[in-house]
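Report on the structure given below.
The values are calculated or read from the model by the stated rules, or taken from the named source; none is laboratory data. On a predicted model such as this, the values are computed, not experimentally measured, just so you know. No Cβ is skipped: glycine too gets one built from the backbone with ideal geometry, and neighbour counts run over all protein chains shown. Quick note on the areas: whole protein, heavy atoms, side chains included, nothing else; ligands and nucleic acids left out. Shrake-Rupley method; radii C 1.70, N 1.55, O 1.52, S 1.80 Å.
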Protein chains: 2
Amino acid sequence: MELVGTTRQRLITATNESFRHRGYHGTSVQAVVEAAEATVGSLYHFFPGGKSELAEATVQETGAAYGDLFSVFLAETASAEEAVRAFFHGAADALVESDFIDLCPIGTVAREVASEDERLRTAAADVFGQWVDKLVAPLVAVGIDAETARDRATAVICLLEGAFVLARTSRDAGVLRTTGSFAAAMIAEAVREASARRV
Amino acid sequence: MELVGTTRQRLITATNESFRHRGYHGTSVQAVVEAAEATVGSLYHFFPGGKSELAEATVQETGAAYGDLFSVFLAETASAEEAVRAFFHGAADALVESDFIDLCPIGTVAREVASEDERLRTAAADVFGQWVDKLVAPLVAVGIDAETARDRATAVICLLEGAFVLARTSRDAGVLRTTGSFAAAMIAEAVREASARRV
DNA sequence: ACCCTACTAGAGCGTTCGCTCTATAATGGA
DNA sequence: TCCATTATAGAGCGAACGCTCTAGTAGGGT
């Protein structure tokens, strides 16, 4: 693992890494501390709320990083459709390269603690909401009504999260590529309908 | 929790219930034994391989039960499209009724242990494969070619798994209903194309 | 009556868990 | 230089972890 940044950053990076492999309950603060080359003292200095607070910060910060990544794809491609397709394909490549590690710790953590840690649940919900918003914006910009845009964007995130699970479980990145095509087609269809309505 | 059946069945039911709430690592054998009104001795009698073997049996048996449930929907509706929509809507109702408990422990467990327990990983992969097969069959039966049918069926399962995560995390069952419509539309489109090609 | 297999029962093993605590360094402003 | 703040360090706490082990019970076959 990369050992860069401040102690706080290293702790979050190590937590994120462990969440990807083993989820929330499978991650021990001892293991995080070792991987981050820090000490328990430092961890409880930066995160007085302990494991839960560390997890919340990890979900928020890595969730925002994923959102930024999608923004990059949006900026570098000609349309939301292409951005979505590129994102799924990029995820597929990353999955293979990482030997099928979980690419999205947020989904894993959310499933584990949604019933027992309300702050962590809302943190994960906020992240998903941000992702949807990122995708909604360019759709509304091309004339799609807000509700349709939101429904489609949400479905794309669902496809992505589900594809992560199936691809990783079956060790077959192809799932991400084919579902990426469906996701892109779903966006393209909404764009087509909106432009047809305007004529 | 319902306390019915043999000791072995009660253990699996209790494990399934705990997996839904807290996942694999968050589930302790002690807690399972108490919920099932059994003892550790009985648990290790039926599952000599311990927690891992108990989890494997739980994934296999509850996974098959979900598959059977979809078969019921297929038998009771006129088309695969309607069965898919009904399944998603039924899941949405069940999610609300259960106060947003996780409806699919398999996805949770798979994400947690795919990197560290190979037998459990393949057990989960088998379950997902069975679900896809269940949905592929009626599509092929109406003339859709095998590859298209498999891709669409896989995408539907991805939508379902992803919708579980988002719906539970945001405590909004509506996600399951709208994605269910997209899933049904995806099936309907393939059916339409196949029948058009046959003319 | 006897025994053999299937199952139940739970005390207790060593380990790891999240976390607290006190002591010690490093840092920067007055 | 002095001190207050910030950060590092790790021994050690009680509790919970997965699991083993021995003892005891239930019930059918002979």
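Structure summary
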item: Using a 7 Å Cα-to-Cβ projection, A:Glu118 label spacings across copies, nm, ascending; result: 4.5
item: Where the stretch A:1-119 is the region considered: accessible area per residue in Å², 1.4 Å probe; result: 44
item: Accessible area expressed per residue, the stretch A:135-175, with surrounding protein chains retained (probe 1.4 Å, Å²); result: 30
item: A:Thr7 - accessible surface, heavy atoms, 1.4 Å probe, Å² rounded to 10; result: 40
item: Label point 7 Å beyond Cα along the C-beta direction, distances from A:Gly174 to other copies (nm, shortest first); result: 3.8
item: Per-copy distances of the A:Val142 label point, shortest first, in nm (7 angstrom along Cα→Cβ); result: 2.9
item: At least 15 Å along the helix axis (C-alpha) and Kyte average at least -1.0, DSSP helices within chain A; result: A:51-76, A:80-97, A:118-141, A:146-170, A:174-198
item: Three-way shape label, the protein assembly as shown, alpha-carbon gyration tensor, a/c 1.5; result: oblate
item: Residues in the stretch A:98-119 that, when all protein chains are in place, have 50 Å² or more less accessible area than the chain alone would give (probe 1.4 Å); result: A:Arg111, A:Glu112, A:Ser115
item: Within the accessible area of the stretch A:56-198 (1.4 Å probe), percent carbon and sulfur; result: 53
item: Centroid-to-centroid separation of the stretch A:153-185 and the stretch B:138-176 [C-alpha atoms, Å]; result: 10
item: Contact surface B-A: accessible area buried, both sides summed, square angstrom, 1.4 angstrom probe; result: 3500
item: Qualifying GluC sites (Glu not before Pro) in the stretch B:81-135, DSSP loop, other Cβ atoms within 10 Å at most 15; result: B:Glu116
item: P(r), alpha carbons of chain A - 5 Å bins starting at zero, rounded %; result: 1, 8, 15, 17, 18, 15, 11, 7, 4, 2, 1, 0, 0
item: Relative contact order %, the stretch B:51-198, counting alpha carbon pairs below 8 Å whose residues are six or more apart; result: 32
item: Whole-Hz ³J(HN,Hα) from phi, Karplus 6.51 cos²θ - 1.76 cosθ + 1.60, for the stretch A:24-31, glycine and proline x; result: 5, 5, x, 9, 9, 4, 4, 5
item: Gyration tensor (alpha-carbon) shape descriptor, the stretch A:79-157, a/c threshold 1.5; result: oblate
item: Residue-averaged 222 nm ellipticity for chain A, from DSSP H runs of 4+ at -39500 (n - 2.57), nearest 500; result: -26500 deg cm²/dmol
